[in-house]
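For reference, the structure is listed below as structure tokens.
Just so you know, all these numbers are worked out from the coordinates, no wet-lab data involved. Remember, predicted model here, so these are calculated numbers, not experimental data. With ideal geometry, Cβ positions are generated from the backbone for all residues, glycine too; neighbour counts draw on all protein chains shown.
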Amino acid sequence: MTAVVQDTTPTPDSHRAIDRARLDAQLSPRARAWSIEVVERTTSTNADLLDAFRHARSAPATHDDQTGLAGARVKVAYEQTAGRGRRGRAWIAEPGDALLFSVGGWLPRGIDGLGGLSLAVGLAVHDAIRALPVDASRVALKWPNDVLVDGAKVSGILIETAGGTRGATALVVGIGINLRGAATIARDIQRAAAARSESDAANRGADATAAVNSGVADTAVANVGVHAGSGSGSGAGAGAGAGAGADVGSSSSSGASAGANARADASQPVAMPPPTPPTALDAIWSDPSMTDLLARLLDALARTFETFGAHGFAPMRDAWCAADSYRDRPVALYEGGDAPTSGIGRGVDDVGHLLLETADGIRTIASGDVSLRPA
């Protein structure tokens with residue numbers, strides 16, 4: 001079956017937009033059967049597909065041996081006016097500089113069986129990028145689903161559900177990947193770091209004066225403010241989004257929310273992880289092709305949905321751990337705004353929970369953020 005592709009844009013440069021013929025020629029039969037729509041602009045591809053599935057009267061008919069994504073639809077937009085990033089952060093990208101799309105459909109698993117799905121999708125993105133003409137050794141993963149190039153974030157993922165039954169869930173996976181601008185991003189980071197250094201120096205001077213006057217220097221709050229203001233919202237989020245829903249069934253943000261809400265004193269400083277710096281694929285791919293990248297991604301996602309639909313995350317655990325940039329390294333875990341917990345990353349379990357080795361033994365972590373700490 002040939003993919004149904006609707007395109008409202010002019011004939012594109014396959015490197016900066018989607019070349020329909022080139023895309024179709026590269027897709028596997030499974031991914032080629034998906035309905036694919038390409039538009040110039042929309043508010044959010046995730047929101048568009050969620051709305052479509054929520055208004056569908058029922059799940060599509062499936063066979064008993066159906067393990068992949070039934071009724072699959074793909075929507076690509078060159079520009080999103082209301083794209084969302086992880087935990088509600090905004091996502092902004094210039095047309096042609098990022099691949100922004102969503103995939104939706106019915107997965108033959110109930111909502112309780114989606115543990116680890118966000119990690120499985122992250123692994124699919126990781127594998128798709130490594131299949132391109134790039135130095136694969138520079139591509140890695142960071143829990144729960146960040147894809148890294150040279151330790152910097154190149155993509156964001158959001159998974160949201162639109163309904164379901166005991167045996168199937170309608171879901172939408174949003175993915176955003178920075179294609180171009182690595183050099184510009186690096187310069188912006190250097191400038192921001194320099195400005196922050198100057199600001200910190202000025203703050204230290206002000207804090208010293210305050211300490212003389214009141215006996216208390218509030219530098220911790222000032223530093224937290226810097227992290228909060230310059231956090232990973234500037235990195236790759238999914239225009240389709242990479243929000244709290246990205247951790248469906250495995251790494252939800254509910255723990256962080258509960259921790260924040262439980263604080264009795266809102267004036268206490270909130271511990272925030274240092275932001276993962278952003279980057280783009282042109283750091284390792286001289287002239288990224290949006291078409292070729294989408295083809296690799298759709299094929300990888302089709303395989304992932306088939307495996308996950310039948311067996312969950314467990315068969316992918318070893319591959320995910322092998323790609324884990326933080327495995328067997330000293331990390332800091334941030335949960336709910338509390339002081340970070342130090343430990344050694346030990347990969348993940350069969351449902352995508354982080355395994356953190358601490359002085360008290362191995363902890364299993366369902367939600368939170370991790371960052372590297374000095375050895």
Can you tell which of Ser137, Leu158, Ala195 lies farthest toward the positive end of the dipole of segment 98-195, using +1 and -1 charges on the Cβ of basic and acidic side chains (Lys, Arg; Asp, Glu)? Ala195
With θ taken as phi - 60° and the coefficients 6.51, -1.76 and 1.60, list the Karplus ³J(HN,Hα) couplings across segment 40-45 in order, rounded to whole Hz; mark glycine and proline as x. 6, 8, 7, 6, 7, 5
Going by average Cβ neighbours within 10 Å, how do the peptides 147-158, 102-113 rank, with the highest at the top? 147-158, 102-113
Compute the distance from the alpha-carbon center of segment 91-163 to that of segment 278-322, in whole Å. 7
Would you mind ranking Arg138, Arg346 so that the residue whose beta carbon has the fewest other beta carbons within 10 Å leads the list? Arg138, Arg346
Explain nothing, just compute: Karplus ³J(HN,Hα) = 6.51 cos²θ - 1.76 cosθ + 1.60, θ = phi - 60°, for every residue of segment 149-162 in order, whole Hz, x for Gly and Pro. 10, 6, x, 10, 7, 10, 8, x, 9, 10, 10, 10, 9, 10
Rg (Å, one decimal) plus Dmax (Å, integer) for the alpha carbons of segment 307-375? 12.7, 40
